[in-house]
Every structure is written in structure tokens, then in C-alpha cells.
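K.L.:
This is the structure, below, for whatever I ask next.
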């Protein structure tokens, strides 16, 4: 519906509304008929008078009404799918994707659109990589680093394993373990039981960690010492 036709429909609606009110009066039936006619023309104005919308992904949306099978809850549908259904004369299947041949998502000319399956559309945009050349040792599996350098997975993993074997992590030493004796344990427990001193202060005094002091005080360690 063109804009001129829409304006003409509004004029006809206005004349019919005036005629209904003049003949019947402002009765409930007349107002109901007027509201129904106004609703029909208003829906036509919403559907055909709205401008197309370009969403963030670059596709064009057209307002077709919430009852359309391609529409979202807001009543908009992708224009390229609408054009393809009109060209084919049937509905598109859920597995069919409309592909833009020139890559322009806003060029919805029927000659620029092509129906593909999901797998075909995926391979069109992401073609399979060609087989990479073999490494110097004849291994088939390779991968390409972001810098573009080709590195064999097997050779890289072997070098990483050899490096891990050469560089062994240092074992954590347990300092101050030899300083703890039975007399030290008794003195620590007696000082803590007397009060006025914290585990942190005892740890600073005897050169131990606060965790060791807590284990000694709670008798988690040195259980045989009274």
C-alpha cells in the first residue's frame, strides 16, 4: 500500500464515520463499528507505513505484524528472508539460510540472494583449511601460530616435556623444623596457657610460623609431650 492509498483510506474512513454518526447517532453499536474500522486502518498504517530498520548485525528488518510466521514478538522480520520466500513461493525451512552473494547484508535483491543449508553456509564463510606441509621429522599434524609460523604439535610437545624434565621445581624447605624441641614445646604451651601473649607473638619469639604455633598449642603436633 502506497502513502497516497493510505491517505485515501483515511479519508474514506472519516466520511464513513461521519455518516454512521449522523444516521445512527452516538450509540454503542456505531462507536464499536467506528473503533473496528479505525483499528483496521491503524494496523495497515503500522504495517506498511513504517520504515525499514537496520539492526546492529547489519541486516534489514521489515514490520510485518506479530502474527507473521517469520516475525519476532515485536512484529519485525528479516527482509532477505521475506524476499526469498516471495521469490520461491513457499516458506523457508528451519535448516535453510539465505546467503548474500556479494556480502552486502542490505542488498536484498533477489538476484543477490541464495538459499543454502546451514552446513553449506558455514563452509561458505569459513572454508576448510588446506592440509599443511609436513614438518622436518615427517609428522602430519601441525598448527599455525598467530604469528604465522608453522610448528609441529608432536615436536612442540616433546620439547615441552624435555624442558619440564630439565627444570625440576625446587622443593619447599621446612625452615625452623629442627629448632623445635620438647622443651620448646613445653615453653610455648605454658606461655600461651598463662595468657597475655598471642600466637603471633610466640611465633616471632621462637622463630616459627603462626601455623606451627597453633598446631602446637592445640596439640595437633607433639601429642606425646605433656
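The values are calculated or read from the model by the stated rules, or taken from the named source; none is laboratory data. Please read these numbers as outputs of a predicted model, since none were measured by experiment. Virtual Cβ from ideal backbone geometry, glycine too; neighbours counted across all protein chains shown.
K.L.:
Scan the helices (runs of 4 or more DSSP H) fully inside the stretch 147-226 and keep the ones with 3 or more residues being modelled with pLDDT of 80 or more and under 56 Å from the mean Cα position of the chain (by Cα). Walk me through how you get there before you give the answer.
P.N.:
On the way: elements: 153-166, 182-194, 199-206, 210-217.
In the stretch 147-226, the matching helices (runs of 4 or more DSSP H) lie at 153-166, 199-206, 210-217.
K.L.:
Which of the helices (runs of 4 or more DSSP H) found entirely inside the stretch 19-128 contain at least 2 residues meeting this: at pLDDT below 80 and either surrounded by fewer than 10 Cβ atoms within 10 Å (Cβ to Cβ) or touching a helix residue (DSSP H, G or I) at 6+ places or on another chain (Cβ under 9 Å) (or both)? Lay out the reasoning, then the answer.
P.N.:
Numbers: elements: 28-49, 79-88, 118-125.
Where helices (runs of 4 or more DSSP H) fall fully within the stretch 19-128 and carry at least 2 residues being at pLDDT below 80 and either surrounded by fewer than 10 Cβ atoms within 10 Å (Cβ to Cβ) or touching a helix residue (DSSP H, G or I) at 6+ places or on another chain (Cβ under 9 Å) (or both), they are 28-49.
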